[in-house]
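Visitor: Let me begin by handing over the structure; questions about it come next.
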Amino acid sequence: MIKKNVSIKDIAQDLKTSITTVSFVLNGKSEEKHISKKLTKEIIDYAFKIGYKPNQIAQSLRTGKSKILVFMVEDISNHFFAKLAKIIEYAAYQNGYKLVFCSTENKDDKSTELIELFKNRNVDGFIIVPSPGIKNVIEDLIKEKHPVILLDRYFSDLKCNSVIIDNQQSSFDATSHLIANDYKNIAFITTDSEQTQMQNRLQGYQNAINLKNLKEHLLKLPFEEIGKTNTKKNIKEFIDNKVELDAVFFATNYLAKAGFEVFKETNPKLFYELGIVNFDDNEIFEIYNPSITAISQPLEAIGAKLIDSMLRLVNQNEENEMSENIVFKTKLIIRESSLSKITMQKLFRP
């Protein structure tokens with residue numbers, strides 16, 4: 001019969017060896033402590049046979065590590081964050097860590113509450129997509145020597161590890177692509193946010209528009225209203241009032257979703273009459289008609305870098321190690337929705 005709640009002491013007694021020896025073996029220190037391969041194998045095989053499971057709390061107290069990392073994002077159901085979470089979870093697991101996911105809804109009070117909760121649970125590190133007003137909370141985490149990496153956005157005046165993409169250049173390239181395909185009245189639909197990633201996307205759009213002396217067509221939507229009825233209402237009114245528009249650039253996936261719903265519900269011809277680009281790709285865009293041009297972020301590379309950097313922070317010996325700020329390039333996936341006006345007319349108009 002399999003024993004319940006088997007301890008290291010039980011294994012040591014059954015195998016007539018010391019508790020210390022069993023502990024060294026089960027913590028992977030056999031070679032370091034010069035324990036024979038024969039005894040090592042005997043202990044590991046026996047522990048497996050009787051169903052031994054380490055006491056995680058005791059192990060955490062002994063090593064000072066919980067082997068748990070936190071991944072705090074704006075919304076874990078968001079396509080981008082969900083896919084990235086899967087990649088990070090796998091990489092963390094391969095290195096002996098478990099990942100805890102949570103959503104902050106981009107709210108400072110919820111972000112602060114969650115950070116305090118996980119601090120008290122003694123997690124080993126934080127990967128955080130920060131809400132706009134938690135700079136001081138992040139700063140305190142760093143001062144308290146908690147490993148922290150900011151993802152997707154950052155605070156320009158805070159020294160902290162970060163992994164982001166080149167939002168400004170990505171947005172500039174996407175807007176320039178539309179301009180090159182003869183679109184001259186390009187709308188940029190974004191959130192009314194001061195956060196770095198959204199400001200940089202807006203700046204990239206504006207730089208490309210101004211470079212060609214074109215007119216800006218800008219719609220900023222309050223973040224707290226995204227997903228509500230007003231979002232679609234505001235997009236519809238904006239499109240209706242801008243009769244000269246010939247293209248739309250959506251700054252996020254959730255804004256594109258709202259915009260596409262407006263097109264479908266009010267005027268499906270807009271899918272063919274407007275050039276369309278979205279910031280961030282989605283597999284489903286390939287099967288739209290027309291298929292949707294999108295900016296693709298290198299998720300695999302981002303995930304690998306996050307875990308690599310986090311392990312470095314967790315295991316670092318130097319307290320004053322320099323922070324690392326990684327910026328990844330994106331790729332513009334060109335599909336039918338941003339083809340030249342003449343080509344679109346030939347392909348989709350009767």
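The values are calculated or read from the model by the stated rules, or taken from the named source; none is laboratory data. Here the structure is a predicted model, which is why all the values come from computation and not from measurement. Counting neighbours? That spans all protein chains shown, and the Cβs are built from the backbone with ideal geometry, glycine included. All accessible areas refer to the heavy atoms of the entire protein, side chains included, with ligands and DNA or RNA removed. Shrake-Rupley method; radii C 1.70, N 1.55, O 1.52, S 1.80 Å.
Visitor: Could you tell me whether region 108-117 includes any residue that is in contact (Cβ under 8 Å) with a residue 24 or more places away in the chain, of a type outside the set (F, W, Y), open to solvent by 50 Å² or more (accessible area, probe 1.4 Å) and out of contact with any strand residue (DSSP E or B) (no Cβ under 9 Å at 6 or more places or on another chain)?
Guide: Initial filter on region 108-117 (in contact (Cβ under 8 Å) with a residue 24 or more places away in the chain): 108, 111-112, 114-115.
After this cut, where a residue has to be of a type outside the set (F, W, Y) as well, the list is 108, 111-112, 114-115.
Right, trim to open to solvent by 50 Å² or more (accessible area, probe 1.4 Å) and you get 108, 112.
If we keep only those that are out of contact with any strand residue (DSSP E or B) (no Cβ under 9 Å at 6 or more places or on another chain) as well, we get 108, 112.
Among the residues of region 108-117, at least one is in contact (Cβ under 8 Å) with a residue 24 or more places away in the chain, of a type outside the set (F, W, Y), open to solvent by 50 Å² or more (accessible area, probe 1.4 Å) and out of contact with any strand residue (DSSP E or B) (no Cβ under 9 Å at 6 or more places or on another chain), which makes the answer yes.
Visitor: Right, here's the next one. Looking only at region 185-198, which residues are open to solvent by less than 60 Å² (accessible area, probe 1.4 Å) and without any contact (Cβ under 8 Å) to a residue 60 or more places away in the chain?
Guide: T196, Q197, M198
Visitor: In addition: Among the residues of region 325-350, write down those that are over 13 Å from N181 (Cβ atoms), open to solvent by less than 100 Å² (accessible area, probe 1.4 Å) and modelled with pLDDT of 90 or more.
Guide: Passing the criteria: N325, I326, V327, F328, T330, I333.
Visitor: Then there's this: Only one of K232, K220 is outside any loop (DSSP other than H, G, I, E, B), under 27 Å from the mean Cα position of the chain (by Cα) and within 23 Å of Y183 (Cα to Cα); which?
Guide: Residue meeting the stated conditions: K220.
Visitor: Another question about this same structure. Consider E139 against the criteria (1) surrounded by 21 or more Cβ atoms within 10 Å (Cβ to Cβ); (2) in contact with a Phe, Trp or Tyr (Cβ under 9 Å, 6 or more places away or on another chain): it satisfies all of them except one. Which criterion is unmet?
Guide: All conditions are met except number (1).
Visitor: Still on this model: State the number of residues belonging to region 256-293 that are out of contact with any helix residue (DSSP H, G or I) (no Cβ under 7 Å at 6 or more places or on another chain) and among the hydrophobic types (A, V, I, L, M, F, W, C).
Guide: Total satisfying the criteria: 6.
Visitor: Inspect region 44-63 for any residue being under 27 Å from Q94 (Cβ atoms), part of a loop (DSSP other than H, G, I, E, B), among the aromatic types (F, W, Y) and modelled with pLDDT under 85 and give the result as yes or no.
Guide: yes
Visitor: Going through region 174-184 one residue at a time, which ones are open to solvent by less than 40 Å² (accessible area, probe 1.4 Å) and not in a helix (DSSP H, G or I)?
Guide: N181, Y183
Visitor: Any chance you could count how many residues in region 19-43 are part of a helix (DSSP H, G or I) and not polar (S, T, N, Q)?
Guide: So in region 19-43, the residues part of a helix (DSSP H, G or I) come out as 19-26, 37-43.
In the following step, the residues that additionally are not polar (S, T, N, Q) were identified as 19, 22, 24-26, 37-39, 41-43.
Counting residues in region 19-43 that are part of a helix (DSSP H, G or I) and not polar (S, T, N, Q) gives 11.
Yes/no per residue for (1) out of contact with any strand residue (DSSP E or B) (no Cβ under 6 Å at 6 or more places or on another chain); (2) open to solvent by less than 80 Å² (accessible area, probe 1.4 Å):
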site: Q206; (1), (2): yes, yes
site: I226; (1), (2): yes, yes
site: N230; (1), (2): yes, yes
site: D246; (1), (2): yes, yes
site: F263; (1), (2): yes, yes
site: F279; (1), (2): no, yes
site: E286; (1), (2): yes, no
site: L299; (1), (2): yes, yes
